[in-house]
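Please read the structure below before turning to the comments.
The values are calculated or read from the model by the stated rules, or taken from the named source; none is laboratory data. Everything numeric in this text was worked out from a predicted model, so none of it was measured. Neighbour counts run over all protein chains shown; Cβ positions are idealised from the backbone, glycine included. SASA here: full protein model, heavy atoms, side chains in, ligands and nucleic acids out. Shrake-Rupley method; radii C 1.70, N 1.55, O 1.52, S 1.80 Å.
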Amino acid sequence: MSVALSLCLLAILVLAAIGTPVAYSILVGSIVYLTVKGQDVAIAGEQMASGLYDSFVLLAVPLFIVAANIMNAGTISERLLKFCVATVGRFRGGLGHVNVVSSIIFSGMSGSAVADAAGVGRIVTEMMRKSGHYSRGYAAALTAASATIGPIIPPSIPMVLYALVSNTSVGYLFLGGVTPGLTMGAVLMGMNILYAHRRGIAADEAVPLREVPRLTLQAFPVLLMPAILLYGIYGGIATPTEAAAIAAAYALLLATVFYRSLTLKAFYEVLVDSARPSASVGLVIGGALVLNYIVASENIGTTIAQALAGINVSPLAFMLGINLLLLALGCVLDASTIILVIIPLFIPTCRELGIDLVYFGVVAVVNTMIGLVTPPYGILLFVINATTRIPLAEIIREIWAFVAALILALIMMILFPDIILWLPRLLGYAG
């Protein structure tokens, strides 16, 4: 490791340790590297400008954020919940199932775990608390765990970021996330069934069957959004970025014209609330682009690939090792940083070992989503704590069973790649 790279990493670690935002830490560390190397500091600006403005796919990120915030601002989330209560709320542990199923459906509209947790997740957590059948820590923990499905089932903001650094098809990544997302939902519902039986939770009062058609009709326009998105992308009508714009426009149409639940003032707040996370992601991407230039200059990716090839590591051993590393990093780093900075280091090794990049990308994104609920940094735990006022200690006490269930789903995906690749191959993927 060169002196310049050592000082760069030291600067990043020290700044991050004292609480500096990761994006700023990376930018400062990159400037340290360029200065020590005697290179023009303007290279940092050039890398950011060329990377951000040349990547059309990145426009999908703020558009999906806007779509999710519009749905949370109107009554769309509430109508979705009523539909879920009518369909799965009649079984034992019904509101827990509603929690998971609503996250699965909402994930087909937003692509954001935070939007899921802060929107529909907040509402269903309150419903579970008021029912008296669930402890508040359990309700919050299940909400946080089910929100991790949001960026797995398409659309997915993290998969857009992975596509940026790996030059992989966004469309096939989206397809690859469908079955894993459903698998995650299945294991979480399985945990909820165990909880309901152990605590002796009776079935909630069922919505009369005669009401189901009416509630389905009210939610039907919302349920159409995932179908519109997927048909637009895989029918060749729109690119993923154009599909994101369609999603935002469709959500706005539903909230203002169909449901008439979004005022002009609320829409302004939606735009402001969408600008902040979009800018945050943009800063992380900008810093990662400069850091990736440094990584390429130091030839780190190729060095790692050659070292691993020299010791004859099998693809399965590599996948297991990398996922253990990513699970550990997920406890202290946010998902965007891991996807944009850490994962690119191992892409050359994947190519060297013959590991499919769609398979690797979906597994990596699932892994980073588990990191959203693992203390001490689990951002979803803080989001749920802030929106529901449920003590963080109670949430953490209950989250571990769900983390174990999600890791079980992750292991299944690593051992059985067809869980990920079956649907993309069915629709023409040659990998």
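Quick notes
- 19 Å reach of a label modelled at SER280, 7 Å along Cα-to-Cβ, counting backbone N of the range 148-178: 148-152, 156-162
- Model label sites at VAL257 and LEU426, defined 7 Å from Cα along the beta-carbon direction, differ in position by 3.3 nm.
- Largest mean-square fluctuation among LEU161, LEU252, LEU194, in a Gaussian network model of the chain whose springs join Cα atoms under 10 Å apart, belongs to LEU194.
- Dipole orientation for the chain: of the candidates VAL124, LEU262, THR349, VAL124 has the Cα lying most toward the positive pole (charges on Cβ; Lys, Arg +1; Asp, Glu -1).
- Angle in degrees between helix 22-37 and the longest Cα principal axis of the chain, rounded to the nearest 10: 10
- Counting 0.36 nm for each residue step from TYR377 to ASN167 and taking away their Cα separation leaves a gain of 72.7 nm.
- Taking 0.36 nm per residue of separation and subtracting the current Cα-Cα distance, fully stretching the chain between ARG92 and ARG199 would add 37.4 nm.
- Most fluctuating residue given options THR179, THR148, THR256, as computed from a GNM of the chain linking Cα atoms under 10 Å: THR256
- Probe 1.4 Å, protein heavy atoms only - accessible area per residue of the chain in square angstrom: 41
- Label sites at GLU78 and ALA307, each approximated as a point 7 angstrom past Cα along Cα to Cβ, lie 5.6 nm apart.
- Radius of gyration and Dmax over the Cα atoms of the chain, both given in Å: 21.7, 74
- Helical mean residue ellipticity (222 nm; -39500 (n - 2.57) per DSSP H run of 4+; nearest 500) of the chain: -24000 deg cm²/dmol
- Accessible surface of the chain, 1.4 Å probe, proportion on carbon and sulfur as whole %: 67
- Furthest towards positive pole of dipole, ASN385, THR87, SER30, structure part the chain, Cβ charges: THR87
- Stretch gain in nm, segment ILE237-LEU392, where the contour uses 0.36 nm per residue and the Cα spacing is subtracted: 51.3 nm
- Distance from the range 156-193 to the range 396-431 (C-alpha centre basis), Å: 8
- Applying a DSSP loop filter and a limit of 16 other Cβ atoms within 10 Å to the trypsin sites (Lys or Arg not before Pro) in the range 327-425 leaves ARG389.
- Sites ALA42 and GLN218 - FRET efficiency at Förster radius 60 Å, r taken between beta-carbons, to 0.05: 0.60
- Take the Kirkwood radius over Cα pairs of the range 323-431, plug it into Stokes-Einstein at 37 °C and 0.692 mPa s, and you get 217 µm²/s for translational diffusion.
- If only the Cβ of Lys and Arg carry +1 and only the Cβ of Asp and Glu carry -1, the dipole of the chain around its Cα centre is close to 1260 debye.
- Partner aspartates and glutamates for LYS82 [C-alpha distance under 15 Å; skip if fewer than 8 residues away on the same chain]: GLU126, ASP204, GLU205, GLU211
- Enclosed volume per residue, in Å³, of the convex hull spanned by Cα atoms of the range 246-395: 154
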